[in-house]
Every structure is written in C-alpha cells, then in structure tokens.
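The values are calculated or read from the model by the stated rules, or taken from the named source; none is laboratory data. All values reported here derive from a predicted model rather than from experimental measurement. Note that we place each Cβ from the backbone using ideal geometry, even for glycine, and neighbour counts take in every protein chain shown. Please note that ligands, DNA and RNA were not included when accessible areas were found on the heavy atoms of the full protein model with its side chains. Shrake-Rupley method; radii C 1.70, N 1.55, O 1.52, S 1.80 Å.
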Amino acid sequence: MINIINNILSSNGYKQVELVLQQDVADLYLFCPLTDSKREEYFFTVQLRTQSDSNAQRLLENQAQEWFESISHSGKVDQTFEKNCTMLLCHEEDKISRQTILMIEEDQYNFKKNLITASQQEVLALQNYLAQEQVENITAKVINSIINIDGGKGFLDFKENNKLQKDHYSLILKIALKLPFVTYIPQEKQLSNLLNDIDNSLSPELTSIYNQLTNLDMEWAESNTVRNVEMIWGRLV
C-alpha cells in the first residue's frame, strides 16, 4: 500500500527526499513540498515489513524517535520539519488493534501520526482499478472522480454497506480522510429544464392538452375553480 500513498504524494505537489535511514524493520520514504509550492508540511511514509500489533507498538516506543532524530540531523530538511511533519503509517487492518491505532495517532512526540489501515483485498482492488483505468498519477482530481462516481451513488452505497464493503472505493475514502491536502469537491449537479422535461415526457395527445391548459388566460380562485375546470374540459372534449 505504501507505493499507492507515495504515488499520491508525488502526484500532488510533493517530491521524495533522497535519504538513507535504517531499513531493516520498515520501508521508509520522506517527502517535502515542491520548491514553488506554498506548502511547508513534510510527509514520512512508513510500512513495517512484518505487520503485527506488537511491532506497531514498538515502532511508537522505539523507532519513531530514532527516525525523527536521524532526519532532523540529516541536513536534508529545513527548520519547518521538526514542527510540521506527518508520519503516514500503512498497516494491514486485521493485524493491528483499535487501541494501538488510537495510541499511535494520539501520541504527541516527534511526528504527527496518521495511520492508514487496509485489507489485502482493498489494496489489490485499488491496484486493479488503477491499472484498468490506466491511471498513472493519483491526483486529487482522480480521487474525487472515484468518490463522486455515478453521481454520488457510490458514496450512498458505501454508507449503507461500509462495514462489509472492501474494494477500491472503501480504500480511497480511507486514504482521502488521512491526507490533509486532498480536498473533497462535490460533483456539480446539472439542473434540468423543468418545462423541457414535461414536454419530452408527454405523448402528442397529452402535449396538446397541456399546451391548451397553460395558454389559457384565466384567474384561479377557490370561488371559480369548478367553473374554470368545466369550461376547460368543455373546450377539450
């Protein structure tokens, strides 16, 4: 999953920093904003090579601080790093407890921390979707197009079935919620012309009746409704 997250960062205004860190327990990548960007936030993507709840806890207790200090003293980051870097930890959802997730995300030391969990089924589904749609760069526009698929029907279906749904849609929503630079843009609804809709839905016979009714210059009030109706139908029959 970390390759998907790295793709999103690279496609949305961030570049990878060439940095050598301890590589025996996890895959690690550091991203900084492009030089022409007004952003200041760094992102540190992490994926443990052996996924487990206990290893996630050890990451919080031991490795996180070591990595933070190594990056801070690497000479590859500026002064904004220490107060403005978010760790994005990718983890299999069935190999970490809710308690550990909360413990990691609420920890205030070194990095800010967002944990993105996913099933292998979701990761494979998203990879297949991107390949099928020939998506190379996962931009914010691509993410929004997935969320807004079928005029928003995909999201309504997900709301009804979110506990069971494990596919590319469920994973892209999880990712979007954890990345602050991805802004959801609701799909614009095209308002139809009511009069044209009425015209198109009526048969020729009913269209003739409708036109006669709407072209009559009559004043409608409670006292003359019956008389007006009798007069209209007298003309039409």
For this session: Given the conditions (1) at pLDDT 95 or above; (2) part of a helix (DSSP H, G or I); (3) open to solvent by 40 Å² or more (accessible area, probe 1.4 Å); (4) not aliphatic (A, V, I, L, M), report the number of the one that THR100 does not fulfil.
Result: (3)
Problem set entry | Verdict on ARG58 being among the basic types (Lys, Arg) and part of a helix (DSSP H, G or I) | yes
For this session: Go through (1) at pLDDT 95 or above; (2) farther than 30 Å from GLN63 by Cβ; (3) assigned to a loop (DSSP other than H, G, I, E, B) one by one and return the number of the condition GLN165 breaks.
Result: (1)
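Scanning segment 103-132 for residues that are charged (D, E, K, R) and more than 21 Å from the chain's Cα centre (by Cα), which turns out most open to solvent (accessible area, probe 1.4 Å)?
The qualifying residue most open to solvent (accessible area, probe 1.4 Å) is GLU106.
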Exercise. If you go through segment 19-53, how many residues are acidic (Asp, Glu) and within 27 Å of VAL142 (Cα to Cα)?
Worked result: 4
Exercise. What pairs can you find where one residue is in segment 14-27 and closer than 16 Å to CYS85 by Cβ and open to solvent by 40 Å² or more (accessible area, probe 1.4 Å), the other is among the small types (Gly, Ala, Ser) and modelled with pLDDT of 85 or more, and their Cβ atoms are less than 9 Å apart, with a gap of 6+ or different chains?
Worked result: GLN16/SER10; LEU19/SER70; LEU19/SER74
Seminar exercise, completed: A careful count of residues in segment 133-173 that are surrounded by 12 or more Cβ atoms within 10 Å (Cβ to Cβ), of a type in the set (A, V, I, L, M, F, W, C) and farther than 16 Å from CYS90 by Cβ gives 9
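Where residues in segment 79-97 are open to solvent by 80 Å² or more (accessible area, probe 1.4 Å) and of a type in the set (Asp, Glu), which of them is modelled with the highest pLDDT?
Result: ASP94.
Checking the structure you have, find out if any residue of segment 174-193 is of a type outside the set (Gly, Ala, Ser), open to solvent by 90 Å² or more (accessible area, probe 1.4 Å) and modelled with pLDDT of 90 or more.
The answer is yes, given that some residue of segment 174-193 is of a type outside the set (Gly, Ala, Ser), open to solvent by 90 Å² or more (accessible area, probe 1.4 Å) and modelled with pLDDT of 90 or more.
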Problem set entry | Neighbours by Cβ (under 8 Å, 6+ apart or cross-chain): first from segment 55-69, open to solvent by 30 Å² or more (accessible area, probe 1.4 Å); second hydroxyl-bearing (Ser, Thr, Tyr) and part of a helix (DSSP H, G or I) | GLN57/THR100
Exercise. So which of LEU48, LEU30 ends up being among the aliphatic types (A, V, I, L, M), over 30 Å from LEU164 (Cα atoms) and surrounded by 17 or more Cβ atoms within 10 Å (Cβ to Cβ)?
Worked result: LEU30
